[in-house]
Amino acid sequence: MAVAINFPREYGYVVLVLVLYVFLNLWMGIQVGKARKKYKVPYPALYAVESDNKDAKLFNCVQRGHQNSIENMPVFFLMLLLGGIQHPLIAAGLGLFYAVARFFYFKGYATGIPENRLKIGGFNFLALFGLIICTASFGINLLLREVL
């Protein structure tokens, strides 16, 4: 059975938040590249080894902040895009909140004190949970539409 999706006009905000996050991810990658030079961590090493590099923890915190954001991107993108079909303004707002919180997550991690990532950055989990609810609502409404 084919399904036609009529995207609401406001879905454009969802797409723009996705693009914003892509730029945030690129910026984080650039910060990792700068940290590689600053702390002398050559490619292809993903992380610095503390026995070889006195600044290993500082570099690893920058790298880990970016890596964690990459690890969470698939779930964020799916929840944003799917939940945004039915709830475009709520999803776009939550997505923007998520992106801002992820910026602070990265900046806090990059201080070299891992606990700093959660001061403001920890709010990204609330935004993600909101997006999960939007997506669940979309799925439930699809199922109910079939019954009615």
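Worth a mention:
- Residue with peak Gaussian network fluctuation, the chain [Cα springs, cutoff 10 Å], from Gly83, Gly65, Gly29: Gly29
- Loop-resident sites, segment 47-125, for trypsin sites (Lys or Arg not before Pro), counting at most 14 other Cβ within 10 Å (DSSP): Lys54, Lys119
- In the chain, the calculated helix contribution to ellipticity at 222 nm averages -25500 deg cm²/dmol per residue, counting -39,500 (n - 2.57) for every DSSP H run with n ≥ 4.
- In terms of other Cβ atoms within 10 Å, Tyr98, Tyr13, Tyr43 run from fewest to most in the order Tyr43, Tyr13, Tyr98.
- Mean sequence separation of contacting Cα pairs (under 8 Å, at least six apart), scaled by the length of the chain, corresponds to a relative contact order of 26 percent.
- Ranking of Leu94, Leu58 by neighbouring Cβ atoms within 10 Å, starting from the fewest: Leu58, Leu94.
- Debye, to nearest 20: dipole size of the chain, +1 on Lys, Arg Cβ, -1 on Asp, Glu Cβ: 600 debye
- In order along segment 47-64, the phi-based Karplus estimate (6.51 cos²θ - 1.76 cosθ + 1.60, θ = phi - 60°) of 3J(HN,Hα) comes to 10, 7, 9, 4, 6, 9, 9, 5, 9, 4, 4, 4, 5, 4, 5, 5, 4, 5 Hz; Gly and Pro are listed as x.
- Folded to 0 to 90 degrees: helix 11-39 orientation relative to the chain principal axis, Cα: 10 degrees
- Rounded Å value of the spacing that divides the Cα centres of segment 3-63 and segment 68-112: 13 Å
- Helix 124-147 axis, angle to the chain major axis (alpha carbon atoms, nearest 10°): 20 degrees
- Among Phe106, Tyr39, Leu128 the positive-end extreme of the charge dipole of the chain (Cβ point charges): Tyr39
Where a number appears in this text, it was derived from the coordinates with a stated rule and is not lab data. Only a predicted model underlies this, so the values are computations on that prediction, with no experimental measurement involved. Note that each Cβ is placed from the backbone with ideal geometry, even for glycine, and that neighbours are counted across all protein chains shown.
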